[in-house]
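K.L.:
Can you keep this structure in mind? I'll have questions shortly.
We did not get these values from a lab; they are worked out from the coordinates using the rules stated. What you see is a predicted model; the values in this text were computed from it and never measured. Virtual Cβ from ideal backbone geometry, glycine too; neighbours counted across all protein chains shown.
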Amino acid sequence: MPLLLLLLGLGGVVWGGRLAFNVRGAAEASAERARVNTELMAAAKNILDPPRSMWTVRRFRVQGARVFLAGLALLVAAFFEVWL
């Protein structure tokens with residue numbers, strides 16, 4: 001069980017930290033990808049109005065911070081389970 005918590009925690013810290021701290025433009029690239037996907041979905045559905053993307057850079061960074069903190073909590077839980 002501690003190994004699972006450790007692996008999930010590390011994944012959350014790495015992935016969330018990458019978005020939260022915008023490492024190498026990760027949040028900007030994700031927001032751009034979301035915008036393009038929204039435009040492609042609108043074109044596939046024959047919607048002529050310009051689509052409004054729901055995911056902005058700020059929203060990706062906030063979500064990344066949440067995942068980062070959850071990963072830290074899992075790492076702390078793994079630490080307490082193994083050493084206490």
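K.L.:
Quick check on segment 38-57: of everything there that is in a helix (DSSP H, G or I) and in contact (Cβ under 8 Å) with a residue 12 or more places away in the chain, which residue is surrounded by the fewest Cβ atoms within 10 Å (Cβ to Cβ)?
P.N.:
If we take residues in segment 38-57 being in a helix (DSSP H, G or I) and in contact (Cβ under 8 Å) with a residue 12 or more places away in the chain, then GLU39 is surrounded by the fewest Cβ atoms within 10 Å (Cβ to Cβ).
K.L.:
Inspect all residues belonging to segment 24-37 and state whether any of them is over 22 Å from ALA70 (Cα atoms), over 22 Å from the mean Cα position of the chain (by Cα), surrounded by 11 or more Cβ atoms within 10 Å (Cβ to Cβ) and without any contact (Cβ under 8 Å) to a residue 60 or more places away in the chain.
P.N.:
There is no residue in segment 24-37 that is over 22 Å from ALA70 (Cα atoms), over 22 Å from the mean Cα position of the chain (by Cα), surrounded by 11 or more Cβ atoms within 10 Å (Cβ to Cβ) and without any contact (Cβ under 8 Å) to a residue 60 or more places away in the chain.
K.L.:
Right, GLU81: part of a helix (DSSP H, G or I), in contact with a helix residue (DSSP H, G or I) (Cβ under 6 Å, 6 or more places away or on another chain) and surrounded by fewer than 16 Cβ atoms within 10 Å (Cβ to Cβ) or not?
P.N.:
It is true that GLU81 is part of a helix (DSSP H, G or I), in contact with a helix residue (DSSP H, G or I) (Cβ under 6 Å, 6 or more places away or on another chain) and surrounded by fewer than 16 Cβ atoms within 10 Å (Cβ to Cβ).
K.L.:
Considering only segment 12-33, how many residues are in contact with a Lys or Arg (Cβ under 9 Å, 6 or more places away or on another chain), among the hydrophobic types (A, V, I, L, M, F, W, C) and part of a helix (DSSP H, G or I)?
P.N.:
The total comes to 5.
K.L.:
What are the residues in segment 46-69 that are of a type in the set (A, V, I, L, M) and farther than 18 Å from GLY12 by Cα, if any?
P.N.:
Across segment 46-69, the qualifying residues are ILE47, LEU48, MET54, VAL57.
K.L.:
Continuing with the same structure: Can you confirm whether ARG66 is closer than 16 Å to GLU28 by Cβ and in a helix (DSSP H, G or I)?
P.N.:
no
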